[in-house]
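Take a look at the structure set out below.
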């Protein structure tokens, strides 16, 4: 546990007192000093807060004052006599203004007449304006007692950068026996533990029980667990004070939204309501990672519309009680799909990252907009820093480029087409498509449908989105791309843009970006890489070669590359989180800005280049960055790399398990490039039957039937689809780091079980 206090003059003396459930620290000066309270933040850390000086001379029970007097060079800890039988204690150390001033705990910690070894605190760079106290576990022997000024038996130990004479004096004649801990003492010290988290509190109680009977131990642990139940006490911190939110019995049936904040006297009801919501969410999170929980509880649309067990989707003119609102919250999660479940493999976006979840909660609480720095200063800077880091990972210079987070990969791809069109024909912004020649776009027949959708939305027309042939693995055939470019030019069209896919939706294929880049260089075309699904592999040193060529930049002055990258897919960031990256700085601004005077005033008191909203096609823009930034801080690039490598290893494991089994047939030969594993399940009736239209027709119906049974049972989920003239097949995708080999084994067994009678 670590205690960090604010500004404390080096010559001031501090006193630390532990009372049941609380730590107190104050400056011991003649004049009234500041009283600094402490609250525990986690199992290993605590935080000090400033409060008014109200010093209590005594505390309940036998815990009369675990105190620490701190001065320039030494510490003094006094333990209550009754507690000296503790197996473990807390050692207080200090990090000074300079490392040279820090006490050397690596040498020894001395008690009167003896010394004990102690683990030294790790290196820390202290603030020049504050002192730090870190509490490290150490062994407390049964030292002799010495009475304090109030006659309370205490045990002293001294820690000093230079051993004092008192610290080395002998106490050979002192009585080594300590008073046995009485039940009231246990209760008092357990009271201290109750102010800590469950994990640390149980440890403290365990230290006290070393010599207790089994019956006494059981009583203490039961009492502690009861008092530490999640409905008793929750901690809350803010900048002004350390507060505690206590759960109280609340009748929500007579409360309504009008009784919550900002209503007068609505604070208590608001707290209790939100605590109930948090309980619902935490219970959902816990069950999501429990494999005995179903992935979904499937009901047909008409069943949910008609109402399931009181779950009514219809809206009313009159308000519902908060009790009903809580029921609706539970039912919404109950009848939804647990996409974070380790056995959910249905979509590219899966998983439930706890750090990302915390970030999303905070984002929704902040409830701000991303269009200007003045209303989202921290989030805007986070976005700029993260986009810069992503461009560096792509391989571009950190000084160049631009980007923005968008509502999804489809919109990011649309941004890329808009930027390409504006770069070639800036007049399109004011005059429209009538002012430009007949433009055509090129993409593979395995690419995401969003390219065609963008062509329709932006006025190109879907007929002018030309599909390029792919090989049997779903990769663009470069020679066909060049042929189609020449054909378009001969017909009077102007080739504008080529989309290369890094991780196709179905096969998980990676187009040969290097060869495509050569063709774009030759014909002066804009090269966009849709790495919405495969961009995460850039984080992996083992797999980033699959996107070789993505770093290519144009040597022509009028062309820039762009990349779509969706962290909410392979990287496991919570939906939604998609970025469009462009090589040329300012092109998004030029393409989309409208200079709305009520938002983007040029004469603000700060650098208005941070008002990034005008380069978006939206006005209001959700804060998608914080959860991603927070996850990156928590995991580091290495953490994402390990997570991605694990998912790819699971895909290889699945492929190896089924490739040679008669019950399964692979859609294409060879190991998958991504985590997409495409296969048919072959029922007993079709095994050994030669390929024919009749067999393909029967096989086409197998995957939908198994999927329907799978949905009814709710045990797992995996998607299926056709591709070209191929019959429906299963497309297994793995992006949830919570999945394991046992989950892959379960999926195989479940498909076999559900399909055995087909």
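Observations on the model:
- Residue within region 629-645 that is closer than 25 Å to residue 503 by Cβ and touching a strand residue (DSSP E or B) at 6+ places or on another chain (Cβ under 6 Å) present: no
- The residue of region 426-457 that is surrounded by the fewest Cβ atoms within 10 Å (Cβ to Cβ), among those that are in contact with a helix residue (DSSP H, G or I) (Cβ under 6 Å, 6 or more places away or on another chain) and in a loop (DSSP other than H, G, I, E, B), is 427.
- Scanning region 410-422 turns up no residue that is in the same structural domain as residue 536 (by TED's automatic domain parsing) and more than 16 Å from residue 528 (Cα to Cα).
- 3 or more residues surrounded by fewer than 13 Cβ atoms within 10 Å (Cβ to Cβ) and modelled with pLDDT of 95 or more: qualifying helices (runs of 4 or more DSSP H) within region 298-383: 354-366
- Residue 597 meets all of the listed conditions (1) in contact (Cβ under 8 Å) with a residue 40 or more places away in the chain; (2) out of contact with any helix residue (DSSP H, G or I) (no Cβ under 9 Å at 6 or more places or on another chain); (3) more than 15 Å from residue 402 (Cα to Cα) but one, namely (1).
- Enumeration of residues in region 705-742 that are part of a helix (DSSP H, G or I) and buried (at least 20 other Cβ atoms within 10 Å of the Cβ): 706, 710
- For region 288-306, the candidate set comprises residues that are under 30 Å from the mean Cα position of the chain (by Cα) and free of Cβ contacts under 8 Å to residues at least 12 places away in the same chain; within that set, the residue that is nearest to residue 713 (Cα to Cα) is 292.
- Among the conditions (1) in contact (Cβ under 8 Å) with a residue 40 or more places away in the chain; (2) in contact with a strand residue (DSSP E or B) (Cβ under 9 Å, 6 or more places away or on another chain); (3) closer than 19 Å to residue 341 by Cα, the only one that residue 707 does not satisfy is (1).
- Single unsatisfied condition, residue 630 versus (1) over 26 Å from the mean Cα position of the chain (by Cα); (2) in a helix (DSSP H, G or I): (1)
- The lone exception for residue 294 - which of (1) in contact with a helix residue (DSSP H, G or I) (Cβ under 7 Å, 6 or more places away or on another chain); (2) assigned to a loop (DSSP other than H, G, I, E, B); (3) surrounded by 15 or more Cβ atoms within 10 Å (Cβ to Cβ) it fails: (1)
- Filtered residue count, region 629-673, keeping only those that are more than 30 Å from residue 379 (Cα to Cα) and in contact with a helix residue (DSSP H, G or I) (Cβ under 7 Å, 6 or more places away or on another chain): 10
- In this structure, residue 668 does satisfy being under 26 Å from residue 537 (Cα atoms), in contact (Cβ under 8 Å) with a residue 60 or more places away in the chain and surrounded by fewer than 19 Cβ atoms within 10 Å (Cβ to Cβ).
- Some residue of region 504-523 being outside any helix (DSSP H, G or I) and over 18 Å from residue 476 (Cβ atoms): no
- Neighbours by Cβ (under 8 Å, 6+ apart or cross-chain): first from region 307-322, assigned by TED's automatic domain parsing to the domain that holds residue 254 and more than 18 Å from residue 253 (Cβ to Cβ); second modelled with pLDDT under 90 and assigned to a loop (DSSP other than H, G, I, E, B): 313/307
The values are calculated or read from the model by the stated rules, or taken from the named source; none is laboratory data. Computed from a prediction, not measured in an experiment: that's the story for all the values here. Counting neighbours? That spans all protein chains shown, and the Cβs are built from the backbone with ideal geometry, glycine included.
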